[in-house]
Amino acid sequence: MKKDDRSELSDLENLRDKIRLETLKMLGHMGYGHLGGSMSIVELLAVLYGKQMAIDPSNPNWIGRDRLVLSKGHAGPALYATLAVQGFFPQEWLLTLNEGGTHLPSHPDRLKIPGVDATTGSLGQGTSIAAGMATGLRLSDNDAYTYLIVGDGELNEGQCWEAFQYIAHNKLNRCIVVIDDNKKQLDGYTADILNPFDIQKKMESFGFITLKVKGDDLKAIDDALNFLKDQKNSAVAIVLDTIKAQGVPFFEKLEDNHSVKFGTANYQEELDKAITTLEEQVVKGGSHA
Ligand SMILES: Cc1ncc(C[n+]2csc(CCOP(=O)(O)OP(=O)(O)O)c2C)c(N)n1
Ligand SMILES: [Mg+2]
């Protein structure tokens, strides 16, 4: 790896750690929240907002910006941490998550939060929003990308498959679909609740060029996005192979890790340990910059 590539990777690692840290602090402050699905997209968000996306935090509504639709809106805290770290709004807002009068409701609201492009939370709907957004951008000769993040459990919503069929039919190659395949949904394993079978094969059969990528590998995510951006005549998708609660070993192993209440058992202690470890990592990472 060249020196520039190494320093770019260490910047992304540092951003990843900051996003993970701020998300955990936010959830800890609230006392509970969607830890599992927030953690599994941290690496993806670091690569998107740290490298791939054309954004201007001082001008969140810039017409040329790349858009992001977090269709699995319950992972809002991870997106908020990312936006705050990248300077879209003050970091102090993070500790007001879900409080009365907050800018940051638990699920993304595009009218309240600078940098949020779509209001989401009702699973499935973000897929159609992204399809419409990408269509609008194409019709107005705007080259911006639309990134769509969908949960594997969310695929239970038929709306996803209508939207995917539309995206594929129209070869909306600038609408990059990422499915967070963390193998779990709200109350168990996706395979037990309503089996999605082989998601990559399914996307391919819908007409998408589809890559399977390790969800904790920053470089692999970046390489996959670069490859997919070169595909000019087809819809494109990534099946992101993740672990629910990724990056926080205690909560990764916890069976019920969708929405965690920190008052339960030793969870607060484990959360505090994870926060301390990340704080140290962030300081160390920053000193290499
Ligand atoms: C239409 C709709 N039905 C149910 C819910 C409640 N709900 C919130 S998260 C979730 C599970 C989603 O699973 P998945 O997409 O796999 O998310 P992740 O594993 O990334 O947390 C459910 C059923 C919802 N938000 N919207
Ligand atoms: Mg899931």
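Only the coordinates and a few stated rules stand behind these numbers; no lab work does. All figures in this text were calculated on a predicted structure; none of them were measured in a lab. Every residue, glycine as well, gets a Cβ built from its backbone with ideal geometry; the counts of neighbours run over all protein chains shown.
Note the count of lysine pairs whose C-alpha atoms are less than 21 angstrom apart in the stretch 213-289, limited to pairs 8 or more residues apart or on different chains.
Pairs that pass both the separation and distance tests number 13.
Any idea what diffusion coefficient the chain gets from Stokes-Einstein, in µm²/s, Kirkwood Rh on alpha carbon pairs, 10 °C, 1.306 mPa s?
D, rounded to a whole number, is 84 µm²/s.
Work out how much length residue 219 to residue 194 would gain on full extension: take 0.36 nm times their residue separation and subtract the Cα-Cα distance, in nm to one decimal.
Fully extending the segment from residue 219 to residue 194 adds 5.8 nm.
Label points 7 Å out from Cα along the Cβ direction at residue 1 and residue 205: separation in nm?
For the pair residue 1/residue 205, the computed spacing is 3.8 nm.
Could you work out [θ]222 nm for the chain from helices alone, using -39500 (n - 2.57) per DSSP H run of at least four and dividing by all its residues? Round to the nearest 500 deg cm²/dmol.
After summing the helix terms and dividing by the residues of the chain, the value is -13500 deg cm²/dmol.
Label points 7 Å out from Cα along the Cβ direction at residue 284 and residue 266: separation in nm?
Computed distance between label sites residue 284 and residue 266 equals 2.2 nm.
Where a Cα-Cα gap under 19 Å defines reach, which lysines qualify for residue 112, not counting those fewer than 8 residues away within the same chain?
Leaving aside lysines fewer than 8 places away in the same chain, those within reach of residue 112 are 72.
Order of 133-143, 174-184, 230-240, 62-72 by packing, highest average Cβ count within 10 Å first?
174-184, 62-72, 230-240, 133-143
Given springs between every Cα pair under 10 Å in a Gaussian network model of the chain, which of 242, 82, 276 has the largest fluctuation?
276
When the dipole is taken about the Cα centre of the stretch 3-286, and only Lys, Arg (+1) and Asp, Glu (-1) are charged at their Cβ, what size is it in debye, to the nearest 20?
520
Run the simple label-point estimate for residue 122 and residue 96 please: 7 Å along Cα→C-beta, distance reported in nm.
Between residue 122 and residue 96, the simple spin-label model gives 2.7 nm.
Suppose the chain between residue 58 and residue 10 were pulled fully straight at 0.36 nm per residue; how much longer would it get relative to their current alpha carbon spacing?
Going from the current span to full extension adds 14.8 nm.
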